[in-house]
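To keep things clear, I will list the structure first and then write my remarks on it.
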Amino acid sequence: MTINFRVYFRFIVLSVFYFASIFLYADNVENGEKIYKQNCTACHLMTKARLVGPGLEGVTEKYEKEWLIKWIRNSQALIASGDERAIAIFEEYDKSVMTSFDFSDEEFSDLLAYLANPPVEEVVVSSGVQTVENQGMSNSTILMIIALVLVTVVFLLVSVKNSLKTALGKETETVSQTLINKYKLFVSNNINVLFISAVGLIVGLKFVYDLLMGVGVTTNYQPAQPIAFSHEIHAGINGVDCNYCHTSARHSKHSGIPSANVCMNCHTYISEGSKYGTKEIAKIYEAVGFDPDSRQYIEGYEQKPIEWVRIHNLPDHAYFNHSQHVVAGGLECQECHGPVEEMEVLYQYSELTMGWCIECHRETEVKMEGNNYYTHLHDQLKEKYKGKPITVDMIGGIECGKCHY
Ligand code: HEC
Ligand code: HEC
Ligand code: HEC
Ligand code: HEC
Ligand code: HEC
Ligand code: HEC
């Protein structure tokens, strides 16, 4: 009796260790993901595709850890030291300079864990969930495999023990009989039941958490910006219209970010903010070469564009057009971007998944009246659908080719 209890106790402790180490590992990757999203997504994708810099898929296999840390910490120093691979990649990218990052050792190890193990990307389609498994195994798959291995090991050990006992002529019991007996013995002990329930609860909670978090992969993405620009102050408190700064949203595919010269329309005069004093606004002057004391532009100054970190980013294969939605569709910016005028620091409000686009196309009626995009279609469609509301999907808004090149 006591021996059995000890064996099982050890087994439980071992499994708890197994699961705990997986969770710790997953936390590392999660933290690494945060670091990656805050610092790297402006220039890199986690695929093979090129953005400003190369796609980072498989980069931990291409280079060893020490090299990667040196590169990320200060790529220019590594290049200057004569490192051949660093020089080669620098020249391949026309000598664009990558930002330097002074992370702690722990942050580096989390970041590299993430780079080596980026999570599965999920694409939610309204007709069901389609998982695009292009980036390694998910945590839950790994958990399942480990659970399976554990069960197999127990099964094997019991059968070995039984055959040994049979060989010694002690008893003859089948493996399943043994397991059932052991199970009965096992659940008759309260501590065991408590342990298993605790482990089960943790696994369950973690699973639900991942499920919820996994939906909008980059929803709420809110990177730090080079200047503490607040939409709340500008679009909210001071009521500046979105189109004043994002002029091109009405005319073109892109909304674009205003250049520092647009800021100067007002900040030639406003050099002090109520929250940060002169500190943040001085960065605009630094970009355009303006001397706030003499109120003059510095002659011959080479303007430095402000390097805003991009927040919304659809993959290259998806086509999205702002003017089509804002002008023809008559949508408010807020329907997709949320309460921007209340955001001190801007974040991604919507999922930007395919399911999100399609869901809205299925639900939103096309504004036919006064819409010269569709005057030719108007009567035809009215005739066809006879008084039924005409939603975007009916005019072709869920055809693959409309959104994919
Ligand atoms: C401002 C843009 C920018 C940012 C931000 C940036 N990188 Fe880079 N990265 C580059 C460019 C450009 C290159 C290509 C080499 C060059 O021109 O210096 C590069 C190259 C690399 C390489 C070498 C890849 C290869 O295949 O050879 C790695 C690794 C890398 N970056 C990691 C990172 C990580 C990790 C982060 C975030 C902590 C990051 N980068 C942030 C621009 C950037
Ligand atoms: C005074 C100029 C100004 C006004 C007015 C303004 N914005 Fe912006 N917007 C910016 C700047 C600068 C950025 C880049 C910095 C940032 O992300 O906060 C930006 C970023 C954004 C982004 C994120 C872009 C990305 O990187 O993906 C969205 C979305 C956006 N603005 C929407 C709006 C909406 C909606 C309104 C009106 C309610 C608005 N903006 C009003 C200047 C402005
Ligand atoms: C239409 C006029 C207008 C434009 C254009 C404008 N701002 Fe402002 N900005 C203001 C006003 C008004 C304030 C509020 C000053 C205060 O806090 O009393 C302000 C405050 C600020 C502050 C200080 C925040 C604080 O509390 O310390 C920063 C930083 C700033 N703006 C950045 C920008 C940037 C960057 C741009 C260009 C993308 C820009 N602004 C464009 C009117 C404008
Ligand atoms: C909030 C609702 C909404 C969301 C979200 C939305 N759309 Fe739309 N979309 C519309 C409306 C309304 C129209 C019709 C505009 C018009 O009248 O031409 C439209 C039209 C289109 C069209 C033209 C369809 C045609 O047959 O001409 C394309 C392409 C498109 N959207 C792509 C996208 C993509 C890609 C996304 C996701 C990144 C997206 N939309 C998200 C509302 C939405
Ligand atoms: C139907 C949904 C929808 C509406 C309405 C909408 N946007 Fe966007 N916006 C998007 C999507 C999707 C992206 C990402 C586009 C990409 O990555 O190519 C985006 C990106 C942006 C960006 C980043 C720069 C760019 O063009 O990629 C800015 C700034 C922006 N939107 C501002 C606005 C403003 C201002 C309005 C209102 C005038 C507006 N948006 C209305 C969906 C929308
Ligand atoms: C209304 C616009 C829209 C329509 C219609 C649409 N897609 Fe998409 N699709 C998108 C967007 C936006 C993404 C990127 C979503 C993301 O990154 O999460 C995407 C992503 C995908 C991906 C995933 C690729 C990747 O990067 O992992 C596949 C595959 C795909 N679409 C296939 C299709 C097929 C097949 C159809 C026709 C049945 C279709 N799409 C119709 C907008 C659309």
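Before moving on, here are some points about what is shown:
- Meets criteria (more than 16 Å from ligand 1 (Cβ to nearest atom) and within 30 Å of Leu45 (Cα to Cα)) for Cys242: yes
- Scan of the stretch 161-176 for residues that are surrounded by 12 or more Cβ atoms within 10 Å (Cβ to Cβ) and in contact with a helix residue (DSSP H, G or I) (Cβ under 9 Å, 6 or more places away or on another chain), ordered by number: Lys161, Asn162, Glu173, Val175
- Selection over the stretch 168-190 of residues that are in contact (Cβ under 8 Å) with a residue 60 or more places away in the chain and farther than 16 Å from Val158 by Cβ gives a count of 1.
- Selection status of Asp316, of a type outside the set (Val, Ile, Thr), free of Cβ contacts under 8 Å to residues at least 40 places away in the same chain and in a loop (DSSP other than H, G, I, E, B): no
- Within the stretch 227-245, the only residue that satisfies the criterion of being outside any helix (DSSP H, G or I) and aromatic (Phe, Trp, Tyr) is Phe229.
- On the stretch given as the stretch 51-73, residues that are buried (at least 16 other Cβ atoms within 10 Å of the Cβ) and at positive phi total 0.
- Test: residue in the stretch 239-258 that is among the aromatic types (Phe, Trp, Tyr), outside the structural domain of Phe101 (by TED's automatic domain parsing), loosely packed, with under 12 Cβ neighbours inside 10 Å and modelled with pLDDT under 90: no
- Checking the stated criteria, Asp291 turns out not to satisfy the condition of being touching a Lys or Arg at 6+ places or on another chain (Cβ under 8 Å), acidic (Asp, Glu) and surrounded by 11 or more Cβ atoms within 10 Å (Cβ to Cβ).
- Of all positions in the stretch 332-349, none carries a residue that is within 11 Å of ligand 5 (Cβ to nearest atom), modelled with pLDDT under 90 and crowded, with 16+ Cβ neighbours inside 10 Å.
- The helices (runs of 4 or more DSSP H) located wholly in the stretch 39-101 that include 2 or more residues which are farther than 25 Å from Pro118 by Cα occupy 75-80, 84-92.
- Filtering the stretch 257-296 to residues that are within 11 Å of ligand 3 (Cβ to nearest atom) and on the phi > 0 side of the Ramachandran plot leaves only Gly277.
- Hey, Asn321 closer than 30 Å to Glu399 by Cα, within 16 Å of ligand 1 (Cβ to nearest atom) and among the polar types (S, T, N, Q) or not: no
- Unique residue being over 31 Å from the mean Cα position of the chain (by Cα) and not aromatic (Phe, Trp, Tyr) when the list is Pro292, Pro258, Pro223: Pro292
Results for (1) modelled with pLDDT of 90 or more; (2) under 30 Å from Trp356 (Cβ atoms); (3) not assigned by TED's automatic domain parsing to the domain that holds Lys206, shown as yes or no for each residue.
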site: Ser81; (1), (2), (3): yes, no, yes
site: Arg85; (1), (2), (3): yes, no, yes
site: Tyr93; (1), (2), (3): no, no, yes
site: Phe103; (1), (2), (3): yes, no, yes
site: Val123; (1), (2), (3): no, yes, yes
site: Ser127; (1), (2), (3): no, yes, yes
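- Per-region count, the stretch 259-281, residues part of a helix (DSSP H, G or I) and buried (at least 16 other Cβ atoms within 10 Å of the Cβ): 5
The values are calculated or read from the model by the stated rules, or taken from the named source; none is laboratory data. Quantities reported herein were computed from a predicted structural model and do not represent experimental measurements. Cβ: placed from backbone, ideal geometry, glycine included. Neighbour counts: every protein chain shown.
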